[in-house]
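Okay, so here's the structure we're looking at.
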Amino acid sequence: MDAISLSSGNKLAGRYRVLDKLGEGSFAETFLSEDEHLPDAYRCVIKKLKTEVEEEAKLKIAKRLFDEEARTLHQLGSNPNIPQLLAHFEEDGEFYLVEEYVEGISLYQELSTGQRWSESYVIKLVKDLLDVLKFVHQKQVIHRDIKPSNIIRREKDGQIFLIDFGAVKQVTSQVTDENTMAPHTVIVGTPGYMPGEQLRGSPRMSSDVFAVGMIAIYALTGLNPALGQVPEDEQTAEIIWRDRASVSPEFAAIIDKMVAYDFRQRYPSAQEASDAIQALTSHRQAEDGATVLSDRGNVGFPGDRGSVGFPAEPVPR
């Protein structure tokens, strides 16, 4: 199928003017655009399905995933940390999604320097990611492609946004092979963030939890999972990472459970992982409060960042 090529200046649906290409994946291209029907040159993202796929079967898969993304974004649009679906249309045989544009930088840009981030920063990052993922899982949706490049930190306020729902799977839905009548799912995901059961075509909510845990390891160690830099135990296939990080045993235990090789040993969904993080932070806040009360009057005490004896922690650029 001959595909229509988009470039700067092209207009779609009589209102969306293309400004620049943002990126390209296996099934779609994304473009920064502006909606000329709204004031102040409202910016948005247009995602265009690749229709030049030669194999008809692959095109059907791509179209199904594309439509699934539209339905999922519409379903999840009430969450403030997920881009809203603005439009979904076909024009001249091509298929498009229009989404809210989040101005900021990706988590990949923050982490790609290889810098090892402090434990408190990573705890906050994991908490923010799990807060969004809890909402996704409560809607019975598995994201399946959580990775640093699919996480945007909004420039104006530092809020975390989860993007790219093109690989989602509804927990309650199954795809049936017309020849065998056996349920199956398309294997999608990113090496390094995709656990074994997902690679075998059986993703679970705990598969998303695994991905968040691998992001935490990346942040703590500077080792990029997608490049195969995080080693595994040859006997157990468990992730080996603690020797490369400055981390407390309590937080390390939570991460180990998130990235356990056997999904039955992981937190079953984002809710349980979030509860563990909340329990850890609450315990530490209680301890810090007790220390403050006992040390009142001293110069500098735990929790007083930047005071004498307690240097401020690094923050991402």
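Since every read-out is calculated from the coordinates, none of them should be taken as a lab result. Keep in mind it's a predicted model, so treat the numbers as computed, not measured. Methodologically, a virtual Cβ is constructed for each residue, glycine included, from the backbone with ideal geometry; neighbour enumeration extends over all protein chains shown.
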Simple spin-label estimate for Arg244/Ser202, 7 Å along Cα→Cβ, in nm, reads 2.9
Report the FRET efficiency, 1/(1 + (r/R0)^6), for Asp275 and Glu234, where r is their Cβ-Cβ distance and R0 is 45 Å, rounded to 0.05. 0.85
Principal axis dimensions, largest first and in whole angstrom, of the stretch 40-159 by Cα: 50, 38, 32
Computed over the stretch 72-168: relative contact order in percent, which uses C-alpha pairs under 8 Å that are six or more apart: 33
Among the listed pairs Lys63/Lys257; Lys147/Lys257; Lys50/Lys147; Lys11/Lys48, give every one whose C-alpha distance is greater than 24 Å. Lys63/Lys257
Inter-label distance for Thr113 and Ala13, nm, one decimal - labels placed 7 Å from Cα along Cα-to-Cβ: 3.9
